[in-house]
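The values are calculated or read from the model by the stated rules, or taken from the named source; none is laboratory data. The shown structure was predicted, so the numbers you read here are calculated from the model rather than taken from an experiment. Positions of Cβ are backbone-derived with ideal geometry, glycine not excepted, and every protein chain shown enters the neighbour counts. For accessibility, only protein heavy atoms count, side chains too; no ligands or nucleic acids. Shrake-Rupley method; radii C 1.70, N 1.55, O 1.52, S 1.80 Å.
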Amino acid sequence: MGFYAISLNYKSAPLSVREKLTLSLEKQESLLENLRENGLTQAAYLTTCNRSELYGVGDFHDALDILAQEADIPRSMLLAYVFTYEDQRAIRHLLRVTAGMESMVFGEDEILRQSKEAYNFAKEHGMAGHELNMIFQAAFQSAKRIKTETRLSKSSVSVATLAAAGVRKFLRENISSESKGSVLIIGAGGDTGNKVLKDLLSYGDSQIIATEHRRHISNHGVQVIPYEDRYHYINQADVVVSATKSPHYTLSYAMMAPEEYEKKPRLFVDLAVPSDIDSAVQSMEDTNYLTIDAFEAIAAENQQIKLEDRQLAEEILEECLDETCKAVDFQSFLPRLEGSSILADQSLRRFIFHYKDASNKDELRSFLEVLSRMEGER
């Protein structure tokens, strides 16, 4: 079948490289169209803050060339940072990614939704054929089973939640207990920014200012300001969080006037890829600056419960992988026997289907090879 996975993630590549593979929806459409024009008619592109992955059916070498072209990155540079997987290893990788087992926060839930969006985007653009559909549906079912039968999702901690906890910690350490710290959130209408907003609201110990751009924000207790006025509120903010999908800085150091700001400890948190906040803000006195990568260390502190159930999750995943590989092999093999005398025998036909259910993937593969040779000898 030739199922492949091309993966660039936080483990293999720095933020500067990951930014190049964070393709806009228009670029993703162009990528899928380019793949189709080159004979690669099944593909899905998954992109998040921490990873960009291309899954498809066909020759991954051709897919690599097209991906490098669309991302405007030299193929040699892409090869230096990506992992490539084929067939069973590619299926296992997709199952692991979709279940959150390759995420910065082990077992996090958000990746399942993002994987479904990537698949649906491929489907909408006519790039989800039978094989891709079968494998992605198996990944979704595997992820749901792992989240139901283990404690991974019950103790799930997203990057947004970690960021909110980090903001609260900063405020507790730098603001007197008699007053509330002020947090400016840029991009509170997006998924990540909205989760930070809701987590901070649940704490109830900070004043929140949120920019409103395209999506209306109606949370009680939040001061909503126009996006265009964001620079005017930095002075009163103790923390500034930005989490948008903007291709440009939401806060540019050149547009700021640091000499006008009150001198006090101030934290900038950038949860976007590409970066939202100009890293030059670090030059401001008493300023702390964190990017999304900084939360990898924080995430490690929240893994204990997940790790206790990790072995169980791995066992479930391998069971699902076995069933998926069996289904893929069987579906690929059936056309070779359609119309043959082997399947014409109803008793033998029933036996073949029963054997598929009772065997593991290696046993089934050997059995199908024997059947194929038998048919060839007739």
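Brief remarks on what is shown
- The Arg350 and Asn120 beta-carbon pair, evaluated with R₀ = 45 Å, returns a calculated FRET efficiency of approximately 0.75.
- Accessible surface ranking for His130, His248, 1.4 angstrom probe, highest first: His248, His130.
- Its relative contact order, with pairs defined as Cα atoms under 8 Å and 6+ residues apart, puts the chain at 14 percent.
- Three-way shape label, the stretch 1-108, alpha-carbon gyration tensor, a/c 1.5: oblate
- The residues Cys49, Cys325, sorted by heavy-atom accessible surface at 1.4 Å with ligands and nucleic acids left out, run Cys49, Cys325 from largest to smallest.
- Spherically averaged projected area in nm², based on the convex hull that wraps the Cα atoms of the chain: 22.1 nm²
- Rounded if a/c under 1.5, otherwise prolate or oblate - the stretch 62-138, Cα gyration tensor axes: oblate
- Estimated translational D of the stretch 45-89 in µm²/s (Stokes, Kirkwood radius over Cα pairs; 10 °C; 1.306 mPa s): 141 µm²/s
- MRE, 222 nm, helices only [DSSP H, n ≥ 4, -39500 (n - 2.57), over the chain, to nearest 500]: -15500 deg cm²/dmol
- Cα-based shape type of the stretch 194-279, given that a ≥ b ≥ c are square roots of the gyration tensor eigenvalues and the cut on a/c is 1.5: oblate
- What a 1.4 Å probe finds exposed on the stretch 242-331 is 50% carbon and sulfur by accessible area, rounded to a whole percent.
- Extended-chain gain in nm, criterion 0.36 nm per residue less alpha-carbon gap, Tyr253 and Glu315: 17.4 nm
- Among Asn174, Ile208, Phe140 the positive-end extreme of the charge dipole of the stretch 118-220 (Cβ point charges): Phe140
- In the complete set of protein chains, residue-level accessible area for Asp199 is approximately 40 Å², probe 1.4 angstrom.
- From largest to smallest, the equivalent ellipsoid semi-axes obtained for the stretch 133-240 from the alpha-carbon gyration tensor read 33, 19, 10 Å.
- Accessible area of Arg36 in the full protein assembly, 1.4 Å probe (Å², nearest 10): 80 Å²
- Remark: accessible surface ordering of Glu131, Glu314, Glu37, Glu178 (largest first) is Glu178, Glu37, Glu131, Glu314, probe radius 1.4 Å.
- Measuring how big the stretch 79-200 is from its alpha-carbon positions, Rg and Dmax come out at 18.6, 61 Å.
- The chain: angle of helix 25-37 to the longest principal axis, Cα-based, in degrees nearest 10: 20 degrees
- The mean accessible area for residues of the chain, using a 1.4 Å probe and ignoring ligands and nucleic acids, is 47 Å² per residue.
- The C-alpha atoms of the chain define a longest principal axis, and helix 159-174 lies at about 20 degrees to it.
- Inverting the pair-averaged 1/r between distinct Cα atoms of the stretch 233-331 gives 17.0 Å as its Kirkwood hydrodynamic radius.
- Principal-axis tilt of helix 60-71 within the chain, Cα atoms, nearest 10 degrees: 20 degrees
- Here the calculated FRET efficiency for Tyr231 and Ala80, from their Cβ-Cβ distance with R0 = 41 Å, stands at 0.60, rounded to the nearest 0.05.
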